[in-house]
Amino acid sequence: MNKGLFITFEGADGCGKTTQMNLLKDYLIQNGYEVVLTREPGAKGLGEQLREILLNYDGEVADRCESFLFLADRAQNIETIVIPSIKQGKIVLCDRHIDSTVAYQGYGRGLDLDEINYLNNIATGGIKPDLTYVFDVDVETSAKRVGDEKDRMESAGKEFFNRVRNGYLELAQKEPKRIKVIDSTRSIEEVFQDVIKEFRK
Ligand code: TYD
């Protein structure tokens, strides 16, 4: 059975990960690979409706409820998109995944990290990305990129942002083989050179 690759794109809001994911997609296709794009929250199908609730619901959302909705979306993405594509030998590029829940709900909202790891493991069935990029930006750069039109998560404030950012950096220290931190305050082209470099490795 052919085995593809599972690559995830992470970082705080406004880090530019989606731009880099699309650039890598074009690069891989040009080099003859079959590529599948997906995202969390909001994979094709049910995930789109879960994303709508997570980003736009304007009533009270309990922290644990928020976590479970992200995890439900993840379980759906892994089972219906990621696993079938990897089995077909494709390269799956996923915009956010397990590390987002650790960074945002764990470091950001303050939920227990062991509990989140345990739940992530249930949601994914134990599958982990082969490679994860963390696009690192400071709060000022992020604010400029996000602009004034913020969704529910992006409205959480500066301190929340910094907790999330530090969460990602700590995660990368714990799992240096899988997680590569890329300085994303630089130009799109410069960042992309690093993206390719890590992919080739
Ligand atoms: P995303 O669509 O990547 O938004 P952006 O392009 O603005 O980064 O992610 C939506 C939001 O959901 C983002 O603010 C991070 C948040 N999120 C979590 O809090 N936990 C999670 O597990 C995931 C997957 C996302």
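The values are calculated or read from the model by the stated rules, or taken from the named source; none is laboratory data. Not measured: the values here are computed from a predicted model. We place every Cβ from the backbone using ideal geometry, glycine too, and count neighbours over all the protein chains shown.
Table for the structure above
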quantity	calculated
Every pair of residues 6+ apart whose Cβ atoms lie under 7 Å, when the first sits in region 42-60 and is within 12 Å of the ligand (Cβ to nearest atom) while the second is among the aromatic types (F, W, Y) and at pLDDT 95 or above	L54/F70
Condition check for T38: within 16 Å of the chain's Cα centre (by Cα), more than 10 Å from the ligand (Cβ to nearest atom) and not hydrophobic (A, V, I, L, M, F, W, C)	yes
Test for I98: is it within 12 Å of the ligand (Cβ to nearest atom) and under 24 Å from L23 (Cα atoms)	yes
Every residue from region 176-201 that is among the hydrophobic types (A, V, I, L, M, F, W, C) and buried (at least 16 other Cβ atoms within 10 Å of the Cβ)	I179, V181, I182, V191, F192, V195, F199
Identity of the residue in region 108-144, over 27 Å from V195 (Cβ atoms) and of a type in the set (D, E, K, R), that ends up modelled with the lowest pLDDT	R109
Count of residues meeting criterion [surrounded by 14 or more Cβ atoms within 10 Å (Cβ to Cβ) and of a type outside the set (A, V, I, L, M, F, W, C)] in region 151-169	8
Within region 61-74, tally of residues that are in contact (Cβ under 8 Å) with a residue 12 or more places away in the chain and among the small types (G, A, S)	2
Flag if A103 is within 16 Å of the chain's Cα centre (by Cα), in a helix (DSSP H, G or I), within 13 Å of the ligand (Cβ to nearest atom) and over 16 Å from A12 (Cα atoms)	no
Some residue of region 128-136 being within 22 Å of G14 (Cα to Cα) and in a helix (DSSP H, G or I)	no
